[in-house]
């Protein structure tokens, strides 16, 4: 019940704009690859593969998931936030958004 309320609030906040189907398809495809990679790590574990190999693959899955999260956050900032703020002084806002994206990128490394 609680999650439906959260989804409704999110939908209301984002009701003024739409993410492109193409962008979402790319993100979903990335997530599918990450899930496939994670499943292959599980198989490695079931096969009692070398711990070092497993840890390397876990690290790769974590990095891929972090990069997907950064992309979603970047899209949120550049599309959702811009829609809410409006397009007045767009050049100045784009510079600020680029700076914010750079700072977030450095922070989450």
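At a glance:
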item: Scope segment 86-108; condition part of a loop (DSSP other than H, G, I, E, B) and either touching a strand residue (DSSP E or B) at 6+ places or on another chain (Cβ under 8 Å) or under 13 Å from residue 71 (Cα atoms) (or both); matching residues; result: 108
item: All positions within segment 14-45 that are outside any helix (DSSP H, G or I) and either surrounded by fewer than 10 Cβ atoms within 10 Å (Cβ to Cβ) or at pLDDT 95 or above (or both); result: 15, 16
item: Some residue of segment 89-105 being surrounded by fewer than 10 Cβ atoms within 10 Å (Cβ to Cβ) and at pLDDT below 85; result: yes
item: Filter result for residue 62 (surrounded by 12 or more Cβ atoms within 10 Å (Cβ to Cβ), modelled with pLDDT of 80 or more and within 18 Å of the chain's Cα centre (by Cα)); result: yes
item: Test: residue 48 is outside any helix (DSSP H, G or I) and modelled with pLDDT of 90 or more; result: yes
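The values are calculated or read from the model by the stated rules, or taken from the named source; none is laboratory data. Only a predicted model underlies this, so the values are computations on that prediction, with no experimental measurement involved. When we count neighbours, we look across all protein chains shown, and the Cβ atoms used for this are built from the backbone with ideal geometry, even at glycine.
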